[in-house]
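Accompanying notes for the structure given below.
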Amino acid sequence: MELASRITHITPSLTLSIDSKAKALRAQGVDVCSFAAGEPDFDTPEHIKAAAIKALENNFTRYTPVAGIPELREAISKKFLSENQLDYQPQDIIVSNGGKQSCFNAILACVGEGDEVIIPAPYWLSYPEMVRLAGAEPIIVPTTAANNWKITAEDFANAMSPRTKMIIINSPGNPTGAVYSKEELRAIAEVAADEEILILSDEIYESLIYDGLKHVSIASVTPEAHDLTITVSGFSKAYAMTGWRLGYLGAPKKIAQAIEALQSHSSSNACSFAQYGAVAALNSSQQCVADMREEFNIRREYMFERLSKMHQLSVIKPSGAFYMLTDISKLGMSSMNFADRLLSKSNVAVIPGIAFGNDKTIRLSYATSIDIIKEGLDRLENFCKTL
Ligand SMILES: Cc1ncc(COP(=O)(O)O)c(C=O)c1O
């Protein structure tokens with residue numbers, strides 16, 4: 001039996017598989033310190049859970065409109081305006097089963113056979129696979145620690161060809177934690193506007209920014225950028241709601257309508273009662289988000305200080321998300337080899353950078369308790385001394 005060729009070209013998510021491997025070892029009683037997590041370790045705030053429970057008790061258990069309940073699209077529209085200076089009407093907003101589906105919907109609706117999509121590396125590992133599934137070609141543009149893992153307008157222009165249809169910008173970024181400034185985004189947006197290149201802006205980590213920096217949405221930098229951009233965000237990272245599977249996008253009307261039609265034939269609406277939890281998340285105090293950010297920041301400072309002192313490694317301080325991309329090139333081994341040996345010798349799980357298109361790095365997530373971070377870094381330090 002032959003599988004469809006589109007599926008034979010993709011690889012399963014390495015981050016999810018390493019995270020499950022670490023969880024399975026722990027279930028067997030092995031004392032694993034995992035830096036593999038791609039999700040907050042906090043519980044969903046009570047008021048969000050209470051709103052979903054209430055909706056369930058009220059039997060809000062049937063299909064909803066494909067693009068989401070009106071209250072939620074209204075709340076997202078208001079949030080886009082107040083926090084992102086973006087004018088997306090509720091009908092230009094599509095709620096989906098996670099930011100992941102929002103990204104996939106945007107790619108499927110906008111690119112296809114013969115198109116190229118520019119992806120700065122290190123990248124979130126699903127982007128190239130989504131592009132391939134859509135029949136298009138990912139064009140990977142490496143970035144460097146020297147440039148804080150960011151693509152410049154010049155890199156973007158140089159990577160362009162007559163087939164370029166889209167660029168993906170992810171700020172704050174996974175796995176780099178890179179945060180683009182307004183000026184950097186404006187320069188990229190101007191290059192995109194010159195050639196009418198679409199921009200997929202994945203802003204799922206927008207609430208996790210440190211050092212007093214402010215998140216900027218690329219769609220807000222110029223009117224032309226607004227007309228070319230699909231802005232993706234969601235609830236998973238900001239409100240510790242990964243299992244709820246709720247994300248959304250705002251897009252120019254034509255694209256939003258196409259995505260709504262696409263979703264109507266694939267997953268239909270996101271979970272009905274979960275959508276009421278999302279309404280409560282957006283319409284209530286944002287103190288819970290600030291509290292989680294503060295806790296992440298404490299861990300970020302601690303992890304950065306420790307890693308900076310490990311001389312075989314090198315790291316730049318990330319400004320956002322909850323990852324620390326760490327350079328292992330001084331050790332002269334592949335990222336997979338490093339990650340495998342670290343797990344088997346020291347019971348520490350990290351994600352090899354090869355998963356993100358950079359074999360000279362590993363990704364450590366600090367979305368785990370400070371005690372695990374301390375113990376895991378002690379083990380990492382001892383492991384490096386044995387190399
Ligand atoms: C960069 C990025 N985008 C999107 C997502 C998807 O998030 P979700 O589908 O849980 O909303 C993730 C999750 O890890 C991510 O890291």
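The values are calculated or read from the model by the stated rules, or taken from the named source; none is laboratory data. Not measured: the values here are computed from a predicted model. Note that we place each Cβ from the backbone using ideal geometry, even for glycine, and neighbour counts take in every protein chain shown. Calculation scope for accessible area: heavy atoms of the full protein, side chains included, ligands and nucleic acids excluded. Shrake-Rupley method; radii C 1.70, N 1.55, O 1.52, S 1.80 Å.
The table below gives the values:
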quantity: Average Cα contact separation per residue, region 46-283, under 8 Å, 6 or more apart, as relative contact order %; calculated: 30
quantity: The chain: most fluctuating residue of S34, S77, S13 per GNM, C-alpha cutoff 10 Å; calculated: S13
quantity: Percent RCO, i.e. relative contact order, over region 143-276, from Cα pairs under 8 Å lying at least 6 residues apart; calculated: 18
quantity: Positive dipole terminus of region 46-283, leading residue within A192, G98, Y123 (C-beta point charges); calculated: G98
quantity: For the chain, accessible area per residue (1.4 Å probe, heavy atoms of protein chains only), Å²; calculated: 43
quantity: Lysines whose Cα lies under 16 Å from that of K100, excluding same-chain neighbours fewer than 8 positions away; calculated: K237
quantity: Carbon and sulfur %, accessible surface of the chain computed with the full protein complex present, 1.4 Å; calculated: 52
quantity: Point-to-point label distance, E224-E154, nm (Cα→Cβ direction, 7 Å offset); calculated: 2.0
quantity: Qualifying GluC sites (Glu not before Pro) in region 73-120, DSSP loop, other Cβ atoms within 10 Å at most 10; calculated: E113
quantity: Unit charges on C-beta of K, R, D, E only; dipole of region 133-226, Debye; calculated: 160
quantity: Amide hydrogen neighbours beyond the local backbone of T164, cut-off 5 Å, H modeled; calculated: E116
quantity: Rel. contact order, % - alpha carbon contacts under 8 angstrom, at least six apart, region 1-131; calculated: 18
quantity: For the chain, projected area of the alpha-carbon convex hull averaged over all directions, nm²; calculated: 19.7
quantity: Spin-label pair I370/I10, simplified geometry with 7 Å Cα→Cβ offset, distance in nm; calculated: 4.0
quantity: Neighbour cut-off at most 13 other Cβ (10 Å), DSSP loop, chymotrypsin sites (Phe, Trp or Tyr not before Pro), region 1-79; calculated: Y63
quantity: Sites S181 and H311, calculated FRET efficiency, Cβ-Cβ separation with R0 35 Å, nearest 0.05; calculated: 0.70
quantity: Kirkwood Rh and Cα Rg combined as Rg/Rh, region 249-387; calculated: 1.12
